[in-house]
Amino acid sequence: MKADEMKTDVWATKLLPQLKEIVVNTVLSAWDQIEWWSGGVGIFGFDVLPDADLNLWLIEVNKCPTMQ
């Protein structure tokens, strides 16, 4: 397996599923605290950190991250 294929495989099989689970569980846990605007779009910044075993850990969620 080539290095690029290994990176893609790790992303697709290990990291992306964890990231999706973190985002879904976080949003569902705070569902009644989220400010919903009719016709609006909100952006949340999820800061995650991988450990040595490539397990992702949620560090914080920013309500209005600066995108500078």
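Throughout, read-outs are computed from the coordinates displayed, never taken from laboratory work. Model, not experiment: these values are computed from the prediction. Note that each Cβ is placed from the backbone with ideal geometry, even for glycine, and that neighbours are counted across all protein chains shown.
Some notes on this structure:
- Set of lysines with alpha-carbon distance to Lys2 below 24 Å, sequence-local pairs under 8 removed: Lys14
- For segment 3-62, the Kirkwood hydrodynamic radius from C-alpha pairs, put into Stokes-Einstein at 25 °C and a viscosity of 0.890 mPa s, yields a diffusion coefficient of 184 µm² per second.
- Mean separation of Cα contacts under 8 Å, 6 or more apart, over the residue count of the chain: relative contact order %: 28
- Restricting the GluC sites (Glu not before Pro) of segment 11-68 to loop positions (DSSP other than H, G, I, E, B) with no more than 13 neighbouring Cβ atoms within 10 Å leaves Glu35.
- Loop sites here are chymotrypsin sites (Phe, Trp or Tyr not before Pro) outside DSSP states H, G, I, E and B with no more than 12 other Cβ atoms within 10 Å. The longest part of the chain free of them is 1-35.
- Hz values of 3J(HN,Hα) by residue in segment 19-27 - Karplus curve (6.51, -1.76, 1.60), Gly and Pro given as x: 4, 4, 5, 4, 5, 4, 5, 5, 5
- Low-density loop cleavage sites - trypsin sites (Lys or Arg not before Pro) in segment 1-48, where at most 13 other Cβ are within 10 Å (DSSP): Lys2
- Charges were assigned to the Cβ only: +1 to each Lys and Arg, -1 to each Asp and Glu. The resulting dipole of the chain about its Cα centre is roughly 160 debye.
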